[in-house]
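Step one of this worksheet: look at the structure below.
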Amino acid sequence: MMKGALADISKAVGNTPIVKLNKVAQGVRSDVYVKCEYLNPGGSHKDRVALNMIAEAERQGLKPGGYIVEATSGNTGAALALVSAIRGYKCIFVMPDKMSQEKIASLRAFGARVVVCPTAVEADDPRSYYQVAKRLAAEHAPNCYYANQYHNQANPEGHYKSTGPEIWKQCGEELDAFVAGMGTGGTISGAGKFLKEQKPSMKIVGVDPVGSLYYDFVKSGRITKPFTYKVEGIGEDFFPSTMNLKLIDEIVRVDDRECFSMTRDLVRLEGLYVGGSGGAAVAGAIKYAKMLDEQGAKKENILILLPDSAQKYLSKIFNDDWMRENGFLEEEAGLGTVRDLLRPGHALVTAASTAKVRDVIEKLKAQGISQVPIVDGKKLVGIVAEVDLLRHLVSGSGTLDSPVGPLVEGDYATVTPDTKIELLQGVLTDAKVAIVIDAEQVVGIVSKIDLIEFLAKRTTSAA
Ligand code: PMP
């Protein structure tokens, strides 16, 4: 073979550059760097995962001509398709319908079959993309490998063996914090584990979109109501077994508007041609760096992983019409945000989990409310609603002197003061109430009737 050539394109996976952010991170003291995983030959960090998964499939007996089935939002698909093209496997991918046309087209370009499923169904619904993938894998057995990135340990292991050591080789001891968006958890759990083993003080920071389950679960231990958001590839409405939340030192939440505005800035100001989850990770990392500054902590060397490229989002994040239609451009007036709904001067009523059932009932009565957030110190641990108290009292064993702690439930979603009213409408069709959190503190609670009142007032004043 000619000198300087690689045996095939899969040998070009990895060795992605690390670059300093010069403009978008000017407001923080820490030095912020990005790892350009979007420069991998399949277009994302998932190339590393695909190589490891296919090696595992071959160990389990997959033969050329066999099938690889996966439920994928695109990048894992492209990566598996690329490696399969070289090694002679056929791919079938199942995707949710919110994914961009570009992603679907690029999979078909590799010769893969793509099956599109509805997003608006539960994960255990037979029409969901997870379930359809499982069925297709069973139909093509035995010369078939179900990649199953959400529950296949070959996914985090790919990052443990490849991304982690590569970052350590590039940065070494100087690196203080590693930041990544949280999807399957492959990146953060795999690379995070390796980096923490090398340097136990390394901070592993996860970035989660508003609407996903991870943030609330890490912060309060509760499984709240997930709701939809536009950024692709990060956040989940269930807990994949590839995600190791124990490794995470800090979790930061970002909303779609922040993600997309940062994504555009990264391309326009830094020349980094990244997709939405890269913007999300950088927006989250900058919040983390600001937090360090506010705490007076020492500045850090922060490294953010940029998963995929802008190419796949040209018709969305980089299209002003799409951005405007979705209310992500500044000029968009819309219905306003949750901040407009929070009544100034109206004190928020909360209770501690040690409060007695009797006192909480009194509180509900006195304030004319139906539920109360339970807050210990500053930490939100859940809500207690009329029905929980009723259930407790009719159960026979429940007394008025018991603490409310054991009655706490998770039928709420958390939003921020910047969450748009349009989004809140959807949130409140699924969850009993929305709890408003700002800088980790509960600042309000919004029920369906609050939203109805707000919308009714608007209609009257417009008439
Ligand atoms: N960004 C994009 C664009 C992705 O496709 C994914 C994978 N779901 C992620 C981020 C998150 O990576 P991981 O699954 O390793 O957590």
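Each value in this text was obtained by applying a stated rule to the coordinates, not by laboratory testing. In this text the structure is predicted, and so the values were computed from the model without any measurement. No Cβ is skipped: glycine too gets one built from the backbone with ideal geometry, and neighbour counts run over all protein chains shown.
At-a-glance table
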| quantity | calculated |
| --- | --- |
| Rough spin-label spacing in nm, given labels placed 7 Å along Cα→Cβ, for residue 397 and residue 455 | 4.1 nm |
| Peptides ranked, highest mean first, by Cβ atoms within 10 Å: ranges 149-158, 80-89 | 149-158, 80-89 |
| Which of 95, 1 has the fewest Cβ neighbours within 10 Å, and the rest in rising order | 1, 95 |
| Virtual paramagnetic centre 7 Å along Cα→Cβ of residue 352, amide N under 11 Å, in the range 374-411 | 375-378 |
| Positive-end residue of 239, 204, 285, charge dipole of the range 171-286 with Cβ unit charges | 239 |
| Under the Karplus curve 6.51 cos²θ - 1.76 cosθ + 1.60, θ = phi - 60°, whole-Hz ³J(HN,Hα) for the range 439-454, x wherever Gly or Pro sits | 6, 6, 10, 6, 10, x, 9, 10, 9, 4, 5, 4, 5, 4, 4, 4 |
| For the range 122-136, Karplus couplings with θ = phi - 60° (6.51, -1.76, 1.60), whole Hz, Gly/Pro x | 5, 4, 8, 5, x, 8, 5, 5, 5, 5, 5, 4, 4, 5, 5 |
| Sequence ranges 175-181, 134-140, ranked by mean other-Cβ count within 10 angstrom, highest first | 175-181, 134-140 |
| Amide H contacts under 5 Å for residue 318, placed H, 5+ residues apart | none |
| About the Cα centre, charge dipole magnitude for the chain (Lys/Arg +1, Asp/Glu -1 at Cβ), debye | 800 debye |
| Of 18, 71, 43, farthest towards positive along the dipole that unit charges on Lys, Arg, Asp, Glu beta carbons give the range 1-125 | 18 |
| Placed amide H near residue 252: partners under 5 Å, 5+ positions off or other chain | 206, 207, 208 |
| Nonlocal amide H pairs with residue 66, under 5 Å, H built at 1.01 Å | 90 |
| Column: log10 I(q)/I(0), Debye, Cα scatterers of the chain, q = 0.08 Å⁻¹ | -0.51 |
| Cα-centre dipole for the range 117-224 with unit charges at Cβ (Lys and Arg positive, Asp and Glu negative), debye to 20 | 100 debye |
| Net charge contributed by nearby residues that have their C-beta within less than 11 Å of residue 411 (K/R +1, D/E -1) | 0 |
| Alpha-carbon Debye profile of the range 320-373, log10 I(q)/I(0) at 0.12, 0.26, 0.32 Å⁻¹ | -0.51, -1.03, -1.22 |
| Lys, Arg +1 and Asp, Glu -1 on Cβ, resulting dipole of the range 164-260 about Cα centre, debye, nearest 20 | 260 debye |
| Backbone HN-Hα couplings from phi across the range 190-202 [Karplus 6.51/-1.76/1.60, Hz, Gly and Pro as x] | x, 5, x, 4, 4, 5, 5, 5, 6, 9, x, 7, 4 |
